[in-house]
Ligand code: NAD
Ligand code: DAU
């Protein structure tokens, strides 16, 4: 039985990971620490909030004493680190928060883990207890590929191009150094673009789905030929599960979907899927009357080419051979089934994304601090 501290568990991937883990390992204890920034949403964890094996702590990973106390009080043996500023566009307009959370926050967690898991036991002449620090990173640390370059392996040199990816690369290096220098039991996974439920609608796929339903334009940066490798979010959770249970200490593991799409093609595909849903279910036209008119005019007409993202990476692609061979990893969801589930989830969970758009998703956190 494991006792997990999950950082950033109220965000997109963290919340999906918590759902995955608590379903698969119902006896494990899970503590989430999350600062509930704009990207954190307490309601993402609604289905586990009353589970006696679950605890939520509203806190910042930069608060090292708080993290130390959580590791000690809950006797944590496994820390899974998702908390980050994660949106590339925001890192371009405001890098400070990325440096603070992604670099300093990771450093704070490493210091806390070293004190609780290594230093305190060594002072008592005890063997270090079983522990694991798993760091969730990204393929963006490897930089960009041309159309013909081979996909990123774990041996690809780091070459981050945005403040976001540079901050993630720095955190990856700190995690590595805490293993090599102090013997902390770390693993790192570098994953490609995720999609699925609870994806914040500033990112491409949920933005496109929700904009179609509001008959808003679908912004395509530059020529739309940039390529991303898309993975259903539950398959990311599954990959982390395998790394935690079978991965070798001190190693990095690439996780990817083997599913490369140009941005313009994925936007056209989603437009088509939403149109098909409207054709199948006449009720949708009543619920989303604006989208109905968009469909009458052809959803693709909403596509609008806009100014490119500065420094926009052209292509990401993951070679997950090591993870496949060593851990037996293969994504379970095909893109066809994953994207269909995702479109359905957004059609069925209008309250969730409307509350994100009108800001009421942060009411819970505001209520905690009103007198
Ligand atoms: P997200 O932005 O949806 O969620 C981040 C979460 O971290 C939020 O709940 C936020 O409140 C919390 N957080 C932010 N700063 C914090 C702080 N200082 N202290 C405590 N909590 C804080 O991000 P995501 O898309 O779920 O990504 C999770 C992790 O996975 C990140 O580390 C990201 O770099 C990595 N990743 C993401 C993708 C992707 O496609 N989204 C792909 C590969 C790797
Ligand atoms: O590769 C993993 C990374 O994937 C993660 O590390 C990041 O946290 C995550 O945000 C994601 O980064 P991207 O920049 O690839 O994701 P985003 O959804 O922002 O954009 C996907 C592609 O679509 C990218 O090429 C930019 C483009 N785009 C994005 C938006 C929001 C558009 O063309 N129009 C848009 O409006």
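What follows is calculated from the coordinates using simple rules that are stated; it is not laboratory data. This one's a predicted model, so the numbers in the text were calculated from it and none came from an experiment. All Cβ positions, even for glycine, are placed from backbone atoms using ideal geometry, and neighbour counts span all protein chains on display.
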13 Å cut-off, amide nitrogen to a point 7 angstrom out along residue 225 Cα→Cβ, residues in the range 255-284: 262-265
Listed residues 166, 39, 340, most fluctuating in the chain (Gaussian network, C-alpha, under 10 Å): 340
Fraction in percent of alpha-carbon pairs per bin - 10 Å, the range 266-371: 11, 25, 29, 25, 10, 0
Dimensions (Å) - the range 179-327, Cα atoms, principal axes, largest first: 60, 35, 25
Reciprocal of mean inverse Cα separation for the chain (Kirkwood radius, Å): 21.4
Projected label distance in nm at residue 307 and residue 53, using a 7 Å step from Cα toward the beta-carbon: 5.1
Order by protection proxy (mean Cβ within 10 Å, highest first), peptides 2-15, 49-62, 258-271: 2-15, 258-271, 49-62
Whole-Å distance, taken between Cα centres, linking the range 333-356 and the range 1-21: 20
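Report the extension gain between residue 358 and residue 74 in nm, rounded to one decimal, defined as 0.36 nm multiplied by the number of residues separating them, less their alpha carbon distance.
That pair, residue 358 and residue 74, stretches by 98.6 nm at full extension.
Quick one: 309, 315, fewest Cβ neighbours within 10 Å first, how do they rank?
Sorted ascending by nearby Cβ count, the order is 309, 315.
Is the shape of the range 61-194 best called rounded, prolate or oblate, per the rule: a/c under 1.5 gives rounded, else a/b larger than b/c gives prolate, else oblate, with a ≥ b ≥ c the square roots of the Cα gyration tensor eigenvalues?
The shape class here is prolate.
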DSSP bridge pairs, the chain: antiparallel proportion in percent, nearest 5: 10
Cα→Cβ-extended label distance, 7 Å offset, between residue 367 and residue 251, nm: 4.6
For the range 134-182, alpha-carbon Rg over 2.2 N^0.38 Å: 1.22
